[in-house]
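Participant: Take a look at this one; I'll ask things after.
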Amino acid sequence: MSSTEDLPSLRTTADYQFGAGAGAALFPAEADLEVRRSSSGRPQQVVATDGRIVTYGTDGRFTLGLAGGRRLLDALEAPAGRVVVGDESEPFVREGKNVFAKFVSAVDPDVRPGDEVAIVHEADGDLLGVGRAELSADAMADFDTGMAVMVREGAVDAE
């Protein structure tokens, strides 16, 4: 199966997981995408010239790479898919350190534990990293302790 044959099913999964329009944003038809496969032939990673877009987990859900996070931010209207942090967290998130609830200034109200999210800066909306939500949006807003997002990859270089 070529990567163009995979695109419709990958787009459908992305739309389901992230919301309408996410599939076209992550996997545009005109993009030069490489679909890396597992030994069984199942799509495992989707990579573009700007980096890893997603990894396709065995649970049928995507984990975001920084390139995928950037594409989602461009496609989805704020606050969809976002956890917002301030200046005090920026350097730590860029280094790949986790986000704690007390530092979350805003969050997409639909975020649930286990969701893939983009962590952005409150002032300029720059992508700081991508990761998995550990708390619901309500809990992130209410708690003063606890890990809010397990950061998978930080955007080390300032954008």
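The values are calculated or read from the model by the stated rules, or taken from the named source; none is laboratory data. Everything numeric in this text was worked out from a predicted model, so none of it was measured. Methodologically, a virtual Cβ is constructed for each residue, glycine included, from the backbone with ideal geometry; neighbour enumeration extends over all protein chains shown.
Participant: Go through segment 7-39 and give me each residue that's exposed (fewer than 11 other Cβ atoms within 10 Å of the Cβ) and modelled with pLDDT under 90.
Facilitator: Across segment 7-39, the qualifying residues are Ala29, Glu30, Asp32.
Participant: Quick check on my filter: what residues within segment 57-69 are farther than 19 Å from Ala20 by Cβ and crowded, with 22+ Cβ neighbours inside 10 Å?
Facilitator: Gly65, Leu66 - these are the residues of segment 57-69 that are farther than 19 Å from Ala20 by Cβ and crowded, with 22+ Cβ neighbours inside 10 Å.
Participant: For segment 84-94, state whether one or more residues are hydroxyl-bearing (Ser, Thr, Tyr) and outside the structural domain of Thr145 (by TED's automatic domain parsing).
Facilitator: The answer is no, given that none of the residues of segment 84-94 is hydroxyl-bearing (Ser, Thr, Tyr) and outside the structural domain of Thr145 (by TED's automatic domain parsing).
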